[in-house]
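Visitor: Right, I'll just put the structure down here and ask away after.
The values are calculated or read from the model by the stated rules, or taken from the named source; none is laboratory data. No experiment lies behind these values; they were computed from the predicted model shown. Cβ coordinates were reconstructed from backbone atoms using ideal geometry, including for glycine residues, and neighbour counts include every protein chain displayed. Heavy atoms of the whole protein, side chains included, go into the accessibility calculation; ligands, DNA and RNA do not. Shrake-Rupley method; radii C 1.70, N 1.55, O 1.52, S 1.80 Å.
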Amino acid sequence: MVHNLTLEFTDYKKYPALWAKRLGISIEAVELYLESEVIDPHTDSFIWKRIFGYDMGKRHKPRPFFSQVDFPRCLEANMSGIVWDLATNPLNRDKNKLEVARRNIDLILDEFNKYSEHFQHTVSYSDYLSARKKNKVACFMSIQGGQAIDNNLDNLDKIPEIHRITLVHFTKSKIGASNADIRNKSTGLSDFGKDFVRKMVDNKILVDLSHINRKGFFDALEAVPDSIVVVTHTGVNGVYQCWRNIDDQQIKAVSETGGTVGIIYHPKFLAKTIVNCSIDSIIDHLAHVINVAGEDCPTLGSDYDGLIY
């Protein structure tokens, strides 16, 4: 494995006026951004690395569904941290689950090591501070869909590189049911699912309640009543009613744990639209979270490369 490969990118920290001009915004807005710690808690770009061999070290032109994020553009965007998700194949057989999870984790670690001049794998806040002190992008890893390792609770001991797990994705698992699953709308967390959540907390793995149905959402909170939980990528029903979004009670419940609610960029979860919506829709959802739970609660949860367009 070759390490410390060079990445070509424009360092806009040196040219804020140029960046403002290219974006068509004020220099004051760019300066405020550059003074901020900017973290995206949900990015799915490594799906395409696994499927198509997508080159994370190359600067790509964005297009629908993928090619929305790569390492040069992360640096150009002056990202402080990114949580890179490993999406789970729901058809993986139990006997192969840990092996597949480990292989995918190692794939991402290799990419971080390849470009270690700019990117550093992190699992904790102290790791984050270490990365930022060296002017590197702090790179967390998460699993999208706990069914990746739901055949054995002990698997949670074998993925120390993972910072967060989204309990379910689009399919029902041994843990619980998705909010996309109408047939299992009233199905909460299984007993295994409750044990899974408790062991996550014991192992200092953050619990992500994106995608889970409402019953499972509150079951998880009850299972770990003194722990922080998050919803990393969602819309909110207070702005736009959608099966994928969460309501005000759920927002407040997350906030009361000290957790955050990340607003997704998918237009169909934000507004009544056929194809696209303006950035104002994202702002409306963020503002609603602030109104319900205060300014410390909302975050940005792009879901870039997660079939966003």
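Visitor: Given a cut-off of under 8 Å on Cα pairs at least six residues apart, what relative contact order in percent is computed for the chain?
Guide: 17 percent
Visitor: I've got another one for you. With every protein chain left in place, what is the accessible area per residue of region 184-309 in square angstrom, probe 1.4 Å?
Guide: 45 Å²
Visitor: Quick check on my link table: of 49/114; 134/158; 13/114, which ones sit more than 20 Å apart, alpha carbon to alpha carbon?
Guide: In this structure, 134/158; 13/114 exceed 20 Å between Cα atoms.
Visitor: I'd like the FRET efficiency for residue 25 and residue 102, computed as 1/(1 + (r/R0)^6) with the beta carbon distance as r and R0 of 51 Å, rounded to 0.05.
Guide: 0.75
Visitor: Let me ask something additional. I need the shape label for region 154-255. Rule: rounded when a/c is under 1.5, else prolate if a/b > b/c, else oblate, with a, b, c from the alpha carbon gyration tensor.
Guide: Prolate, since a/c reaches 1.5 and a/b exceeds b/c.
Visitor: Once the Cβ-Cβ distance between residue 152 and residue 58 is put in as r, and R0 is 41 Å, what FRET efficiency do you end up with, to the nearest 0.05?
Guide: Efficiency for this residue pair is about 0.60.
Visitor: Rounded, prolate or oblate, given the Cα gyration tensor of the chain, with a/c below 1.5 counting as rounded?
Guide: Because a/c hits 1.5 or more and a/b fails to exceed b/c, the chain counts as oblate.
Visitor: Over region 136-251, what percent of the accessible surface lies on carbon and sulfur atoms, probe 1.4 Å?
Guide: 49 percent
Visitor: Please go through the residue pairs 14/136; 215/268; 95/215 and name each one whose alpha carbons sit more than 27 Å apart in this structure.
Guide: With Cα atoms farther than 27 Å apart: 95/215.
Visitor: For region 61-90, list residues with backbone N below 19 Å from a point placed 7 Å from the Cα of residue 129 toward its Cβ?
Guide: Hits in region 61-90 for residue 129 at 19 Å: 80-82.
Visitor: Apply 1/(1 + (r/R0)^6) to the Cβ-Cβ distance of residue 185 and residue 252, taking R0 = 25 Å, and write down the FRET efficiency to the nearest 0.05.
Guide: After rounding to 0.05, the efficiency reads 0.70.
Visitor: Heavy atoms only, probe 1.4 angstrom, no DNA, RNA or ligands counted: give me 23, 5 ranked by accessible area, highest first.
Guide: 23, 5
Visitor: Also, quick follow-up: Using the alpha-carbon centroid of each, what span in Å lies between region 210-264 and region 282-309?
Guide: 12 Å
Visitor: Treating cross-link reach as a plain straight distance, find the aspartates and glutamates whose alpha-carbon is under 14 Å from the alpha-carbon of residue 61, omitting any fewer than eight places away in the same chain.
Guide: List returned: 70, 76, 305.
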